[in-house]
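Below you'll find the structure, written out as structure tokens, and then a few comments.
Values in this text are rule-based calculations from the coordinates and carry no lab data. Keep in mind the model is a prediction, meaning the values are calculated, not measured. FYI the Cβ positions are ideal-geometry reconstructions off the backbone, even for glycines, and counts take in every protein chain you see.
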Amino acid sequence: MGKYQKSYEDSITNEPALNKRAYNIIKNRIIFDKLHPGQQLSIASLAEELQVSRTPISVSLSALERDGYVVVQPQRGTFVRELTPFELEIIFKARASLGKLVIESAGHLISKEELNKFHEEFSRFRNMKYISNPDLIELFYLDVEFHRLLDECIPGIIHDQVKVIADLTMNSRYIAYRNRFGGLTDQQIKVLCCDNHVAIIDALLKSDVSKGADAFVKDVCSGWESIKL
């Protein structure tokens, strides 16, 4: 397990509030394809597995329904939701538009020190001769952490809403990474997963938020195109 994957998973399991921890764990399983679209979720089974009472599970499932991960069918139960291609397209477009606004408005607040760290990491992957499957999964987690850095610059009052939209893209992006984007070459993967991010970073390091915002939109749109491969 790479350091970025470990950092992500630690953030899931170390949440002290039971409701949020249950929410994070169940959402994480949906994102990473361990719970599949159409699969029924049992409150009793989840409570036993996570070693909590049924109340945190019920609360977390209500929140997951609100955020688009599950659907509750009266008299039948709670099921993992399957997003339609049209819904996914709108989600990616919303992500691009919101991200552009965030960077244009608050991109100057993003830590230059952190940007340089991510520049080094993406460059490290870019310079690899070959990108193995484990490398690619770690690159996915690096991608996630980088976008979280970008989103951290926005006020808390809207941060959570932006995060909901961003996280709804994660399942399709993870599957695309896992499947090597339908068979792209290593060079094509480097362009898609490294160069687009480096372009955002380079612009922000030069305090060119307009160029950074445009690079962000290109990155998200490229991500949408990649999941259709």
(message) For segment 107-229, I need the span (max minus min coordinate) of the C-alpha atoms along each principal axis, in Å, sorted largest to smallest.
(response) 39, 28, 22
(message) Straight-line reach from K3: which lysines fall under 18 Å, measuring Cα to Cα and dropping same-chain residues less than 8 apart?
(response) K117
(request) May I ask which residue of S45, S222, Q188 lies farthest towards the positive end of the charge dipole of the chain, with charges of +1 (Lys, Arg) and -1 (Asp, Glu) on Cβ and the Cα centre as origin? (result) S45
(request) For the chain, just the Cα set please: Rg and Dmax, both in angstrom. (result) 18.1, 57
(request) Would you list which lysines come within 18 Å of K100, measuring only between C-alpha atoms, while excluding same-chain residues fewer than 8 positions from it? (result) K163, K206, K211, K218
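Round to the nearest 0.05 the FRET efficiency obtained for S58 and K3 when R0 = 41 Å and r is the Cβ-Cβ distance.
Details: r = 35 Å, r/R0 = 0.85.
Approximately 0.75, to the nearest 0.05.
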(request) Give the Debye-formula value of log10 I(q)/I(0) at each listed q (0.17, 0.20 Å⁻¹), with one equal scatterer per alpha carbon of segment 1-50, two decimals each. (result) -0.57, -0.76
(message) I want to make sure I understand the PRE zone here: with the label point 7 angstrom from the Cα of E152 toward its beta carbon, which residues in segment 85-108 have backbone N atoms less than 17 Å away?
(response) 103, 106-108
(request) Could you work out how far apart the two model spin labels at A44 and Y130 are, taking each label as a point 7 Å from the Cα in the direction of the beta carbon, and quote it in nm? (result) 5.0 nm
